[in-house]
Amino acid sequence: RWIIQDNKHLLARVMVNRIWQYHFGRGLVLTPNDFGTRGTYPSHPQLLDFLAQTFIDSGFNINQIHYLILESATYQQSSINTVVDESLDPSNRFIWKFNARRIPAENIRDSWMHVAGTLDSSMGGEHPFPPASSWGFSQHAPFYGDYDHNHRSVYLMTQRIRRHPFLALFDGADTNASTPLRVETTVPTQSLYLLNSEFVHMQATAAANRVLASSANDDARLDALYQRTLTRHPSNDERKHDLMFIQSYKDELSSEMLDSAELEIRTWAALTRVLITSNEFLTIE
């Protein structure tokens, strides 16, 4: 009651700003944790007030705000600029185009498993902690445990003093502090993970098996793979180069004397890795 009675307009502004930030990468107010005198002024104050009042009138219906934003022309803009002089607003503060950005770490992991068919969408259970009688943790020997599984990333092991390695690498929230806005980084270790991670290779292999089971024709397989990963068909140039890649990869593996089934799996898994680590897969545009 304390939150929604006298302060309901502040609550509504803060909440719709968070929802806007979720869809656009940053809010109308750039300081989502501070709407006071030390916070930034909203870029579109009338829009913020309109969304806040709509939120209140709807009975604080979050879905209605999602629908309102997703159906707007602003959200449906392209991130590619062909008209506006970028020097007028280089930071795109006034949202004249969509801000391309990488999807959050949790979405990356879940999307890979969804494509591979390994995602368990059921609720995650308890982590297999060691029995209390075996605990010998101290300040200098704290507890660490990842407990990886195939459930959605929201059920990954979370510790205040240590982020899950994957979430930490791809800018997941700091579990030891309030994180109103994640800072997106692009560092070499992320590329190395995409190239060498056993998890990425496992998901790519599982996805390749699904594609191979769908058809015996390479063109049909390519269509199925693109639909699963990028939700579209390959262009003519992409199809041409991908089929060339498939043949050249098989030629490279010929010296390993693999049976035909293993050769197909490794070849299509390699192409799958290319697609699931591509900018198009990892970026909202």
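The values are calculated or read from the model by the stated rules, or taken from the named source; none is laboratory data. Fair warning: this is a prediction, and the values are worked out from it, not measured in the lab. Neighbour counts are summed over all protein chains in view; Cβ atoms, including those assigned to glycine, are modelled from backbone coordinates with ideal geometry.
Tabulated results
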{"quantity": "Residue ID - nearest to Q76 (Cα to Cα), chosen from residues in region 90-127 that are aromatic (F, W, Y) and either surrounded by 14 or more Cβ atoms within 10 Å (Cβ to Cβ) or modelled with pLDDT of 95 or more (or both)", "calculated": "F98"}
{"quantity": "Within region 86-123, considering residues that are in a loop (DSSP other than H, G, I, E, B) and of a type in the set (G, A, S), the one nearest to L271 (Cα to Cα)", "calculated": "G117"}
{"quantity": "Only one of G36, G59 that is at positive phi, loosely packed, with under 13 Cβ neighbours inside 10 Å and not in a helix (DSSP H, G or I)", "calculated": "G59"}
{"quantity": "Hits in region 45-69 - residues which are touching a residue at least 24 places away in the same chain (Cβ under 8 Å) and either closer than 16 Å to Q21 by Cβ or outside the structural domain of Q21 (by TED's automatic domain parsing) (or both)", "calculated": "L48, L51, A52, F55, I62, I65, H66, I69"}
{"quantity": "Cross-chain or 6+ apart pairs with Cβ under 9 Å, region 140-157 first and in the same structural domain as D120 (by TED's automatic domain parsing), then among the β-branched types (V, I, T) and part of a loop (DSSP other than H, G, I, E, B)", "calculated": "P142/I161; F143/I161; Y144/I161; N150/T118"}
{"quantity": "Only listed residue being of a type outside the set (D, E), more than 26 Å from the chain's Cα centre (by Cα), surrounded by fewer than 17 Cβ atoms within 10 Å (Cβ to Cβ) and within 23 Å of E285 (Cα to Cα), chosen from S87, S78", "calculated": "S87"}
